[in-house]
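Visitor: I have a structure I would like to understand better, so I am pasting it below and will then ask my questions one at a time.
The values are calculated or read from the model by the stated rules, or taken from the named source; none is laboratory data. Remember, predicted model here, so these are calculated numbers, not experimental data. Here Cβ is always computed from backbone atoms with ideal geometry, including for glycine, and neighbour counts include all displayed protein chains. SASA here: full protein model, heavy atoms, side chains in, ligands and nucleic acids out. Shrake-Rupley method; radii C 1.70, N 1.55, O 1.52, S 1.80 Å.
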Amino acid sequence: MMNPNHIGSSSPQKEGRLYFIDNLRAALTILVVIHHLVYFSIYNNVLTQGSIEVFIGLLFLAFNQTFFMGTFFLISGYFVPSSFERRGGATRFIKDRCIRFLFPFIFYVLILSQVQHIEVYILGQEPFTWQTYFSHLTYGPMWYVELLFVFICLYAVWIKFMSKNKLSVVRQSTPPTYTMLTFFVMILAVSYFIIRLWIPALGLPGGGAPEVQSFVGLFTASGYDLPQYVGLFIMGIIAYQRNWIRNTSDSMGRAGGFGIAIGASILLLPLALIFGLDGLQFSGGWSWTSLVFSLWEALFCVGINLGLIIFFRKRIFYQGKGWSFLSTHSFVIYIIHIPIIAIVISGLKVIQFPPPSFMFLATVLITIPLCFILGYIIRQIPFVSRIL
């Protein structure tokens, strides 16, 4: 049992389902949709190249990239041990994950990947043939599902060799300390620096090792952030063992979370960009600006994650109809959102409406409700609802 004295002072939720984590995951899913709306609007010239809107959009994408997918891995890592226990071992656990992950992954690769590239078909840039079909096969956002499945399998192997059948037996209620957070930040920053000797940050050109990028690209959309995904998944497992989601103090979320993220962005990010912009040295390679940029990203990642968890635990711990709907449909919305974005952008281009200056706004206003509507319809299908 957990020690109630260690629970955050304003956390009103009793032991049981963590609704604030469900709400956080739902909010992150909406952020993912907006992230890709901005990305594809820039990529497909919905936003005018060289405009202030594109600059702001690129900043938005860069800051998101430092934490938002890593937060999904943190949350997944937190729930993996309890899910493993409920299924009584590795065999049932892996079988269950195969059903939940494999079917959506295959469906996306074989079907939705073509919808993702619909613009090249409906605008007549390429004919739909077997050759173009195979050339456009991609896992899209399902790289997350693929990599998470790899992590889950490694976790099952680790549990087997460590001879631990139930982590709840050794579960503690030990709050995290700033020393622990500092140690994790240092490991993460060094890991960023090392991997970016081969894979430059933010997908920027220059340097790198194509063979390493190709291999890592089999599992992630942005290989330069692989340390974030690995580190936060492991941190999620540790957080479960030590009950950190509940017993981290509110003050650590404010000062040690958002405070660290803001402070690092004010002090370190300008330093890395000003002195490392020439030749994009901050993005990777043997340069001190790359190390500073890596340290900023590690601090921002840890700070934002800590701050978001405490904020949702303190402020958005309830789950009304709106949050319940988003939470229930977040996985299916995550799966279908990029094909929907592609359809909307292509459709607006074909009908040449609205005027270019309003194209992005129209894309947002159409895409987000459409994701909700189609997500709801898809989950009404009996067999699909069991998976999604």
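Visitor: Using 0.36 nm per residue of separation minus the Cα-Cα distance, give me the extension gain between V384 and Q131 in nm, one decimal. Don't jump to the answer; show the numbers that get you there.
Guide: Numbers: separation 253, 0.36 × 253 = 91.08 nm, distance 3.01 nm.
Contour length minus Cα-Cα distance gives 88.1 nm.
Visitor: Compute the Cα gyration tensor for region 262-388, then decide on rounded, prolate or oblate, letting a ≥ b ≥ c be the square roots of its eigenvalues: rounded whenever a/c is under 1.5, prolate when a/b is larger than b/c in the other cases, and oblate in all that remain.
Guide: Values: a/c = 2.56, a/b = 1.49, b/c = 1.72.
Oblate.
Visitor: Roll a 1.4 Å probe over the protein chains and send me the accessible area per residue for region 255-388 in Å². All intermediate terms of the calculation are to be shown ahead of the outcome.
Guide: Values: 6540 Å² over 134 residues.
On a per-residue basis, region 255-388 sits at 49 Å².
Visitor: May I ask which residue of T29, M162, V350 lies farthest towards the positive end of the charge dipole of the chain, with charges of +1 (Lys, Arg) and -1 (Asp, Glu) on Cβ and the Cα centre as origin?
Guide: The one lying farthest along the dipole's positive direction is M162.
Visitor: Sticking with this structure for a sec: Take the Cα gyration tensor of region 260-314, multiply each eigenvalue by 5, square-root it, and list the three semi-axes largest first, rounded to whole angstrom.
Guide: On the way: eigenvalues 142, 19, 9 Å².
So the equivalent ellipsoid measures 27, 10, 7 Å along its semi-axes.
Visitor: Related question: If you take the Cα Rg of the chain and divide it by 2.2 N^0.38 Å, with N the number of residues, what do you get? Please list the in-between numbers first.
Guide: Numbers: Rg = 21.5 Å, N = 388, 2.2 N^0.38 = 21.2 Å.
Normalised Cα radius of gyration, the chain: 1.01.
Visitor: For the peptides 73-82, 356-365, what is the packing order when you average, over each peptide's residues, the other Cβ atoms within 10 Å and list the highest mean first? Spell out each step's value before the answer.
Guide: On the way: 73-82: 21.1, 356-365: 15.3.
Packing proxy ranking, top to bottom: 73-82, 356-365.
Visitor: In whole percent, what relative contact order does the chain give with Cα contacts below 8 Å and a gap of six or more residues?
Guide: On the way: 490 pairs, mean separation 114.1, N = 388.
In percent, rounded to a whole number, it is 29.
Visitor: For a test of the definition: using alpha carbon positions, the gyration tensor, and the 1.5 limit on a/c, classify region 104-251 as rounded, prolate or oblate. Please list the in-between numbers first.
Guide: On the way: a/c = 2.58, a/b = 1.83, b/c = 1.41.
Verdict is prolate for region 104-251.
Visitor: Another one. Calculate the dipole size of the chain relative to its Cα centre from +1 charges on Lys and Arg beta carbons and -1 charges on Asp and Glu beta carbons; express the result in debye to the nearest 20. Mind showing how you got there, number by number?
Guide: Numbers: 24 positive and 13 negative charges, 356 e Å.
Result for the chain is approximately 1720 debye, rounded to the nearest 20.
Visitor: What order, most packed first, do the peptides 29-36, 150-157 have when packing is the mean number of other Cβ atoms within 10 Å of each residue?
Guide: Answer by packing, highest mean first, reads 29-36, 150-157.
Visitor: Averaging sequence separations of C-alpha pairs under 8 Å and six or more residues apart, then dividing by the length of region 21-91, give the relative contact order as a whole percent. Please list the in-between numbers first.
Guide: Working: 24 pairs, mean separation 22.0, N = 71.
The normalised contact order for region 21-91 reaches 31 percent.
Visitor: When ligands, DNA and RNA are left out and all protein chains stay put, how many square angstrom of accessible area per residue does region 26-78 have with a 1.4 Å probe?
Guide: 37 Å²
Visitor: Enumerate the amide H contacts of T248 below 5 Å, restricted to partners 5 or more residues apart or on another chain; note that Pro and chain-start residues carry no placed amide H.
Guide: Amide H to amide H, under 5 Å and 5 or more residues apart or across chains, T248 pairs with G8.
Visitor: Taking Cα centroids, how far is region 313-388 from region 185-237 in Å?
Guide: Using only Cα atoms to place each centre, the spacing works out to 29 Å.
Visitor: How do the peptides 209-215, 186-192 rank, highest first, by the average count of neighbouring beta carbon atoms within 10 Å per residue? Before the final figure, lay out each step's value.
Guide: Numbers: 209-215: 11.7, 186-192: 18.4.
Top of the packing list down: 186-192, 209-215.
Visitor: Show me the three semi-axes of the equivalent ellipsoid for region 54-191, from the C-alpha gyration tensor (sqrt of 5 times each eigenvalue), largest first, rounded to whole Å. Write out the running numbers ahead of the final one.
Guide: Numbers: eigenvalues 273, 118, 22 Å².
For region 54-191, the ellipsoid semi-axes come out as 37, 24, 11 Å.
Visitor: Restricting things to Cα coordinates, could you compute the convex hull volume per residue of region 333-376 in Å³?
Guide: Details: hull volume 2.5 nm³, N = 44.
It is 56 Å³ per residue.
Visitor: Then there's this: Could you tell me whether region 291-352 comes out rounded, prolate or oblate from its Cα gyration tensor? Rule is a ≥ b ≥ c as square roots of the eigenvalues, rounded for a/c under 1.5, then prolate if a/b exceeds b/c, otherwise oblate. Don't skip to the answer; put the middle values down first.
Guide: Values: a/c = 3.44, a/b = 1.33, b/c = 2.58.
Oblate shape, in that a/c is at least 1.5 and b/c is the bigger or equal ratio.
Visitor: One-quarter of the Cα convex hull surface for region 173-218, in nm²?
Guide: Values: hull surface 18.9 nm².
The directionally averaged projection comes out at 4.7 nm².
Visitor: In addition: Whenever you get a sec, compute what percent of the accessible area on the chain sits on carbon and sulfur atoms (1.4 Å probe). Let's see the in-between values first.
Guide: On the way: 13410 of 19120 Å².
The value for the chain is 70 percent carbon and sulfur by accessible area.
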